[in-house]
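Encoded as structure tokens, the structure appears first; notes follow it.
The values are calculated or read from the model by the stated rules, or taken from the named source; none is laboratory data. Please read all numbers here as calculations on a predicted model, not as lab measurements. Please note: Cβ atoms are built from the backbone with ideal geometry, for glycine as well, and neighbour counts cover all protein chains shown. Surface accessibility is based on the protein's heavy atoms, side chains included, excluding ligands, DNA and RNA. Shrake-Rupley method; radii C 1.70, N 1.55, O 1.52, S 1.80 Å.
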Amino acid sequence: MAIQKSDELIELIGLQRFYVEAITNVMTETGRKWYSGEISIAEEHMITNIMRKIVEIKNHNIELKGLIEGVAVICNPEGDDHNMSNLVLEGLLKIRKYKVANIGGNWYVDEETKASNNAIINFTIESRPDIVFISVTIARYLFNAKLIAKELSKALPNTKIFLGGLGTKGVIEDELQEGIYLADKNTLNTLNTL
């Protein structure tokens, strides 16, 4: 039922608007309702999982035809496993003809954060992306994200590296190292600069 309804909405407004407006609004409202106690954590997880499945199906069906615009890597720092925004970003980049490696979160390679950061850094460097998006939902993981971004900017000087997500609230772009950019709260504004 949810997939059928999402297909009907996409038919009306298009996939990009569906991602940016519908998915974002549903997830924001779901978070608000959970935070205010109107729904349980189980209900919040159920809604999130339904939305995740819809986005994954839609992303899988996006065909890259013709020349690609570039290569993108999307990741989270270790511990920050909120990856719904990564899935939406993946779809938006695919719509723009980017080949996307979404390596997400849940990086628990070792007991030490350094090992997980190195795994993310090494994968990204080997991918040789044109752009990297590091998504931080929870502010306590921002330090890790900045460490990853710093190492990537040294190893990949021609790659645009973006930090974004709710966890970057309060970060000022002037505080960031050269070659690292703060993603706009409106994802489309950032994507339109590529």
Return the only residue of L147, L166 being modelled with pLDDT of 90 or more and either open to solvent by 10 Å² or more (accessible area, probe 1.4 Å) or over 17 Å from the mean Cα position of the chain (by Cα) (or both). L147
Pair list, Cβ under 8 Å, 6 or more apart: the stretch 87-114 residue within 10 Å of N59 (Cβ to Cβ), other residue among the charged types (D, E, K, R) and modelled with pLDDT of 90 or more: L87/R52; L87/E56; G91/K58; V100/E90; V100/K94; N102/E90
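What residue, of A155, A149, A145, is under 23 Å from L194 (Cβ atoms) and touching a residue at least 60 places away in the same chain (Cβ under 8 Å)? Walk me through how you get there before you give the answer.
Details: A155 fails: touching a residue at least 60 places away in the same chain (Cβ under 8 Å); A149 fails: touching a residue at least 60 places away in the same chain (Cβ under 8 Å).
Of A155, A149, A145, the one residue that is under 23 Å from L194 (Cβ atoms) and touching a residue at least 60 places away in the same chain (Cβ under 8 Å) is A145.
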Residue tally, condition open to solvent by less than 70 Å² (accessible area, probe 1.4 Å) and assigned to a loop (DSSP other than H, G, I, E, B), over the stretch 150-163: 2
Identify all residues within the stretch 119-144 that are under 18 Å from V100 (Cα atoms), open to solvent by 40 Å² or more (accessible area, probe 1.4 Å) and of a type in the set (A, V, I, L, M); write none if there are none. I125
Which one of T28, T24 is free of Cβ contacts under 8 Å to residues at least 40 places away in the same chain and either at negative phi or touching a Pro at 6+ places or on another chain (Cβ under 8 Å) (or both)? T28
In the stretch 169-194, residue most open to solvent (accessible area, probe 1.4 Å) [restricted to those that are part of a helix (DSSP H, G or I) and farther than 18 Å from I95 by Cβ]: D174
